[in-house]
Amino acid sequence: MIAVAKLGWPTQRLSRLAEFRNGVNYNKNSFGNGVKVVGVSDFRDYSKPKYAELEQINPDGIVSERNILRDGDIVFVRSNGNRELIGRSLFIEKPPEEVTHSAFTIRLRFTSPEVYPKFYAYCFRTPLIRQALTAQGGGTNINNLNQDILNGLVVPLPPLPVQQRIAGILSTYDELIENSQRRINILESMARVLYREWFVHFRFPGHESHTLIASPLGKIPLGWEVKAIRDFGTIITGKTPSKANSAYFGDEVQFLKTPDMHGNMFILGTNECLSSSGAKSQANKTLPAGSICVSCIGTIGVVSITTEECQTNQQINSIVLKNTASREFLFLRLQDSKQALINLGSNGATMGNVNKGKFEAMEIVCPPSHLLSHYHEFAKPLFMQILALSRQIQNLRRTRDLLLPRLLSGEVLSGYTDPENAQ
């Protein structure tokens, strides 16, 4: 690992501490009930797999006992079209059921008694691993991670009690993050339960006196409408500034892409930003805070809300709302419309595409304005609590990741920050 000699700990090649194994090969015909599988799409920015979200494959003839992940394993992205994903890792901690991993990943399993696996799970999620992999790969980027590269990595090897102490400190942050995420899930569930009761099952206040009438989207209550997405605001399709002009890119205006949206109700940061001149070069593409963004090319139907002025790439259509009272309803309605969006984007091509014309003409069932306002009054505080918790999680992650190099340098106690005071 880069600069490990400066950390003050002994070092060791990873090949002397662990063994590696590539994942299993399977295809779309393998999906079904059986064994859950960790694929590249399950990494995102997670530290551990979201087991409930994993797909399953039929293990017959594909998965053997040696392919099953165990407590303490670490799984890396081995190969992917997006180089930024290569080398990302997930820690396997007390898996609740049998789980395997795809051929586009590599499993690391420690064999040395000198190792506390969770300590290295944190190490591998820092820029240190990216720098080390780049150095081993012989360039500024690597196209594939392989067992030879991992075997050749030189890693710090603090005494086992120190590894446990460092992992324990960082785990405190992760526990706070998980607690906040659980609260977010509860709040979102509360907002969704009432949304479905009123706007899907039509059991809204006073529904007993409303008859159902025919509409292009099926029967709806009298007084409700079928509206096009364009009726809710201005539709903006993003655009990428010319890569030939490096001055267009900087750190002043968020530049949103679909991977930035995954798992995020609110956009709090992006992997790439524009300079002010880059943003001004396509000022008609700027979104204000509170806009709803929907991924519409390739991965279709991911929905997020902006929290500050930003721009997006061409794979995202966004709605600048003319009435903020519709925000929470429309966010959940668009999430529920994922399959409809996918169907809308299916045109026989390999990559689905819901262009601006299709998106803004897409129709949804909309309640009367007074019901929208009542739901907004209920849901807005829940969404604001979710936003506050999301920011708290972001701060905890940032503090945890800044703390790790200080801990690695030996400042276990002097570098320790109480996570309760870091929020």
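Are any residues in the stretch 300-351 among the polar types (S, T, N, Q), under 25 Å from LEU387 (Cβ atoms) and without any contact (Cβ under 8 Å) to a residue 40 or more places away in the chain, and if so, which ones?
Result: GLN335, SER337.
Table: residues versus (1) within 17 Å of LYS380 (Cα to Cα); (2) crowded, with 18+ Cβ neighbours inside 10 Å.
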{"residue": "TYR248", "(1), (2)": "no, yes"}
{"residue": "HIS262", "(1), (2)": "no, no"}
{"residue": "GLY278", "(1), (2)": "no, yes"}
{"residue": "LYS285", "(1), (2)": "no, yes"}
{"residue": "ILE297", "(1), (2)": "no, yes"}
{"residue": "CYS310", "(1), (2)": "no, yes"}
{"residue": "THR324", "(1), (2)": "yes, no"}
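Just checking, how many residues over the stretch 29-45 are among the hydroxyl-bearing types (Ser, Thr, Tyr) and either part of a strand (DSSP E or B) or under 10 Å from PRO59 (Cβ atoms) (or both)?
Residues flagged as among the hydroxyl-bearing types (Ser, Thr, Tyr) and either part of a strand (DSSP E or B) or under 10 Å from PRO59 (Cβ atoms) (or both) within the stretch 29-45 amount to 1.
Within the stretch 185-193, is there a residue that is within 27 Å of the chain's Cα centre (by Cα), polar (S, T, N, Q) and surrounded by fewer than 19 Cβ atoms within 10 Å (Cβ to Cβ)?
Among the residues of the stretch 185-193, at least one is within 27 Å of the chain's Cα centre (by Cα), polar (S, T, N, Q) and surrounded by fewer than 19 Cβ atoms within 10 Å (Cβ to Cβ), which makes the answer yes.
Condition check ((1) in contact with an Asp or Glu (Cβ under 6 Å, 6 or more places away or on another chain); (2) modelled with pLDDT of 95 or more; (3) part of a strand (DSSP E or B)) across all residues:
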residue: VAL226; (1), (2), (3): yes, yes, yes
residue: SER242; (1), (2), (3): no, no, no
residue: ALA247; (1), (2), (3): no, no, no
residue: CYS293; (1), (2), (3): no, yes, yes
residue: GLN311; (1), (2), (3): no, yes, yes
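Scan the stretch 197-214 and tell me whether some residue there is at pLDDT 95 or above, part of a helix (DSSP H, G or I), touching a helix residue (DSSP H, G or I) at 6+ places or on another chain (Cβ under 8 Å) and at negative phi.
Looking for residues that are at pLDDT 95 or above, part of a helix (DSSP H, G or I), touching a helix residue (DSSP H, G or I) at 6+ places or on another chain (Cβ under 8 Å) and at negative phi, one finds at least one in the stretch 197-214, hence yes.
Check off (1) of a type in the set (Gly, Ala, Ser); (2) at pLDDT 85 or above; (3) open to solvent by 10 Å² or more (accessible area, probe 1.4 Å) for ALA379 and give me the number that stays unchecked.
(3)
List the residue pairs whose Cβ atoms are under 7 Å apart, where the first residue sits in the stretch 367-387 and is closer than 19 Å to HIS207 by Cβ and in a loop (DSSP other than H, G, I, E, B), the second is at pLDDT below 95 and among the small types (Gly, Ala, Ser), and the two are 6 or more positions apart or on different chains.
Between residues of the stretch 367-387 that are closer than 19 Å to HIS207 by Cβ and in a loop (DSSP other than H, G, I, E, B) and residues that are at pLDDT below 95 and among the small types (Gly, Ala, Ser), the close pairs are PRO368/GLY223.
Look at GLY269 and say whether it is open to solvent by 40 Å² or more (accessible area, probe 1.4 Å) and part of a loop (DSSP other than H, G, I, E, B).
no
Every residue in the stretch 336-366 that is open to solvent by 30 Å² or more (accessible area, probe 1.4 Å), part of a helix (DSSP H, G or I), in contact with a strand residue (DSSP E or B) (Cβ under 7 Å, 6 or more places away or on another chain) and modelled with pLDDT under 95, please.
Scanning the stretch 336-366 gives no hits.
Scan the stretch 65-80 for residues that are open to solvent by 30 Å² or more (accessible area, probe 1.4 Å), at pLDDT 90 or above and assigned to a loop (DSSP other than H, G, I, E, B) and report the count.
Residues that pass the stated criteria total 2.
What's the number of the only condition in (1) assigned to a loop (DSSP other than H, G, I, E, B); (2) open to solvent by less than 40 Å² (accessible area, probe 1.4 Å); (3) over 26 Å from VAL40 (Cβ atoms); (4) not basic (Lys, Arg) that ALA289 fails to meet?
Here ALA289 meets the rest and fails (2).
Of all the residues that make up the stretch 27-62, how many are among the hydroxyl-bearing types (Ser, Thr, Tyr) and open to solvent by 70 Å² or more (accessible area, probe 1.4 Å)?
1
With the requirement that a residue be of a type outside the set (A, V, I, L, M, F, W, C) and free of Cβ contacts under 8 Å to residues at least 24 places away in the same chain, what does the stretch 261-294 give you?
Those that are of a type outside the set (A, V, I, L, M, F, W, C) and free of Cβ contacts under 8 Å to residues at least 24 places away in the same chain: GLU272, LYS280.
The values are calculated or read from the model by the stated rules, or taken from the named source; none is laboratory data. These numbers were taken from a predicted model, which means no experiment stands behind them. As a convention, Cβ positions derive from the backbone with ideal geometry for all residues, glycine included, and neighbour counts pool all protein chains shown. Protein only, heavy atoms only, side chains kept; ligands, DNA and RNA dropped before computing areas. Shrake-Rupley method; radii C 1.70, N 1.55, O 1.52, S 1.80 Å.
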